[in-house]
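Beneath this line is the structure, given in structure tokens, with notes to follow.
The values are calculated or read from the model by the stated rules, or taken from the named source; none is laboratory data. These figures come from a predicted structure and were not determined experimentally. When we count neighbours, we look across all protein chains shown, and the Cβ atoms used for this are built from the backbone with ideal geometry, even at glycine. SASA here: full protein model, heavy atoms, side chains in, ligands and nucleic acids out. Shrake-Rupley method; radii C 1.70, N 1.55, O 1.52, S 1.80 Å.
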Amino acid sequence: QIATQISVLIAKVARVDCPRQWPELIPALLESVKVQDDLRQHRALLTFYHVTKTLASKRLAADRKLFYDLASSIYSFACSLWNHHTDTFLQQVCTGNEAAATNSLERTLLSLKVLRKLTIHGFVEPHWSVEVMGFLHAVFERLKQFLECSRSIGAENVCRDRLEKTIILFTKVLLDFLDQHPFSFTPLIQRSLDFAVSYVFTEAGEGVVFERFIVQCLNLIKMIVKNYAYKPSKNIEDSSPETLEAHKIKTAFFTYPTLMEICRRLVTHYFLLTEEELTMWEEDPEGFTVEETGGDSWKYSLRPCMEVLFIDIFHEYNQTLTPVLLEMVHSLQGSTNMEDTNAILIKDAVYNAVGLAAYELFDSVDFDQWFKNQLLAELQVSHNRYKLIRRRVIWLIGQWISVKFKSDLRPMLYEAIGNLLQDQDLVVSINNLIHLQSVLFFFNTCLPVDDFEFRTDQFLPYLESMFTLLFQLLQEVTECDTKMHVLHVLSCVIEKVNMQIRPYVGCLVQYLPLLWKQSEEHNMLRCAILTTLIHLVQ
């Protein structure tokens, strides 16, 4: 820790004085990383990294020019340093020298961090540099070597954590380069897609991939698919040759068989709820719901990444993928065997896909008929194992209500919502609540006027029971986030039905001061209480 602080301090001085007032710094560091003494070499590499990182962050034109000059002059040395430490590490792993391998891996990681900064920020047009493109192509080979290496290193090995960090850093080099230099990345598109798709969507990745690496691969595919630099203009003549070249590579890669396999694997493999998630559902239903709807750890996890990739790929190639997804839906028509957990999980995953792709499926799915003929019946199946589908169907309706849903069907839906608010499974009740607002009051100009206008007369027959059930749920749940959701929906109901709410609000008015006292440490919950109170007073 002290060494790191000294390195950061030197880097801060270098930001002001290097290279004009302190020309000796970089040569001194380059000499120090060559010494044989392990400790001195490590400290020199640590300082070299922090100095490079700091100089790379300067943004004025004159400073950028100085960093370009620095990168050009030391890039070759930085590459050879990284290769040396990487080869040393791989040899030591093969011979089983764990302590030496751990030290070499640390040097590999630091030298790779230096190269990342030089590669991303040190060149205006990096594709003209043979050394830069050589390094980036070498990244794929090294990634394969390190992934194979992770197969032989057990989870209890001390360098396992560092090894995974190095693998992730390799992927960050590619992602950063794609983000900062999309046209320079064009020669790497084919190789990146081959690499990421093979490890994530074929057997090649079995036994070697880990969650964070899969997330990075999914992000790499997504960034290539979505990149505006690779999308030709409607008028082809207005597109640059670089854009057309990149688009051509993408089109050649994403053939029908490849897209079909990616879609099927995403839905039937990655979308399935895991054992860990199902256990959390049973043991901590509120925690499961908060996590699934956007908790802090959720945004860094695998599920949102694969869902975003699915949405982006489906949007880009919807004509190819729509028949594939519809075929999956048709295969699920009819009743499901309650004893077949896998069949229930697959139905949940397919319905998830149909909800995510709702806008793309507008012309291909008659959602009103599907709701009347199948989905409504599925909401009424009370079997405990079918709770996954009850929860998913109400979420699915919440997704489609903004796309295609006839106003005449709303009373049937209100009745189903009322039943779900009494569901014996708390996760189903809470998920029903979370999507209740969009189900009740969604406004969307793409729908005919009669379909998106909220009609109080349709809702009033269900008002008393719905309000009572929401109030009961508010008392039952314990998590701050969940209580906020309930209060938010209650506020919406009050706002929509206006004075018609008067006969039913006595219990809520009496409960709010108690909830206010209980929420002393939760300012956001207190804001929700005040918002509800404002609607009540109005």
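Side notes on the structure shown:
- Segment 145-243 shape via C-alpha gyration tensor axes, a/c threshold 1.5: prolate
- In sequence order, calculated HN-Hα J values of segment 317-328 (Karplus, 6.51, -1.76, 1.60; Hz; x Gly/Pro): 10, 5, 5, 6, 8, 4, x, 5, 5, 5, 4, 4
- Restricting segment 280-379 to trypsin sites (Lys or Arg not before Pro) in coil, as DSSP defines it, with at most 15 other Cβ within 10 Å: none
- Straight-line reach from LYS113: taking Cα to Cα under 22 Å and skipping same-chain neighbours fewer than 8 places apart, the lysines in range are LYS12, LYS34, LYS53, LYS58, LYS65, LYS144, LYS165, LYS172.
- Descending semi-axes in whole angstrom, ellipsoid equivalent of segment 232-342, from the Cα gyration tensor: 35, 20, 11
- Computed over segment 477-538: relative contact order in percent, which uses C-alpha pairs under 8 Å that are six or more apart: 53 percent
- Three-way shape call for segment 268-404 based on the alpha-carbon gyration tensor, with the a/c threshold at 1.5: oblate
- If the convex hull is drawn through the Cα atoms of the chain, its volume per residue in Å³: 202 Å³
- When only alpha carbons of segment 1-84 are considered, Rg and Dmax amount to 12.6, 39 Å.
- Selected from LEU60, VAL35, THR47, residue furthest toward positive end of dipole (segment 27-68; charges at beta carbon): LEU60
- Set of aspartates and glutamates near LYS406 by C-alpha distance (under 18 Å), chain-local residues within fewer than 8 positions excluded: ASP363, ASP366, ASP368, GLU415, ASP450, ASP451, GLU453, ASP457
- In this calculation the C-beta distance from GLN21 to LYS165 is compared with R0 = 35 Å, giving a FRET efficiency of 0.50.
- Average accessible surface area per residue within the chain, 1.4 Å rolling probe, Å²: 47 Å²
- The chain - charge dipole about Cα centre, Lys and Arg +1 at Cβ, Asp and Glu -1, debye rounded to 20: 1660 debye
- Distance between modelled label sites at LYS406 and GLU521, nm, 7 Å Cα→Cβ extension: 5.3 nm
- Cα-centre dipole for segment 1-144 with unit charges at Cβ (Lys and Arg positive, Asp and Glu negative), debye to 20: 540 debye
- Each Lys and Arg Cβ is given +1 and each Asp and Glu Cβ -1; about its Cα centre, segment 72-168 then shows a dipole of about 160 debye.
- Derived scalar couplings ³J(HN,Hα) [segment 482-492; Karplus, 6.51 cos²θ - 1.76 cosθ + 1.60; whole Hz; x for Gly, Pro]: 5, 4, 4, 4, 4, 4, 4, 5, 4, 4, 5
- Placing unit charges on the Cβ atoms of the charged side chains and taking the dipole of segment 114-187 about its Cα centre, the candidate lying farthest along the positive direction among GLY134, SER152, HIS181 is SER152.
- Per-residue ellipticity at 222 nm, computed for the chain from helices alone with -39500 (n - 2.57) per DSSP H run of at least four residues, works out to -23000 deg cm²/dmol.
- Segment 463-538 - percent of accessible surface contributed by carbon and sulfur, probe 1.4 Å: 54 percent
- GluC sites (Glu not before Pro) within segment 198-294: DSSP coil, no more than 11 neighbouring Cβ in 10 Å: GLU206
- Segment 148-224 - percent of accessible surface contributed by carbon and sulfur, probe 1.4 Å: 48 percent
- Overall form of segment 499-538: oblate. Here a/c, set by the Cα gyration tensor axes a ≥ b ≥ c, is 1.5 or more, and a/b is not larger than b/c.
- Percent carbon-and-sulfur accessible area, segment 16-85, ignoring ligands, DNA and RNA, probe 1.4 Å: 57 percent
- Computed from backbone phi, the HN-Hα couplings of segment 181-186 come to 9, x, 6, 5, 6, 3 Hz, rounded to whole numbers (Karplus: 6.51 cos²θ - 1.76 cosθ + 1.60, θ = phi - 60°; Gly and Pro given as x).
- Sites matching trypsin sites (Lys or Arg not before Pro) across segment 5-84 that sit in DSSP coil, with at most 15 neighbouring C-beta atoms within 10 Å: ARG20, LYS34, LYS58, ARG59
- Relative contact order of the chain: 8 percent, from C-alpha pairs under 8 Å at least 6 residues apart in sequence.
- Gain on full stretching of the segment that runs from ILE6 to ARG64 - 0.36 nm per residue minus C-alpha separation: 18.4 nm
- Förster-model FRET efficiency, 51 Å R0, LYS144 and ARG502, C-beta, rounded to 0.05: 0.15
- The protection proxy used here, the mean number of other Cβ atoms lying within 10 Å of each residue, ranks peptides 359-365, 480-486 as follows, highest first: 480-486, 359-365.
- Residue (of LEU413, LEU278, GLN216) at the positive-pole extreme of the chain, dipole from beta-carbon charges: GLN216
- With the gyration tensor restricted to C-alpha atoms of segment 201-264, the semi-axes of the equivalent ellipsoid amount to 29, 14, 9 Å, longest first.
- Pairs of alpha carbons in segment 113-193 separated by more than 18 Å make up 43% of all such pairs.
- Of interest is the spacing of the C-alpha centroids, which for segment 73-123 and segment 180-233 amounts to 23 Å.
- Centroid-to-centroid separation of segment 352-410 and segment 487-538 [C-alpha atoms, Å]: 30 Å
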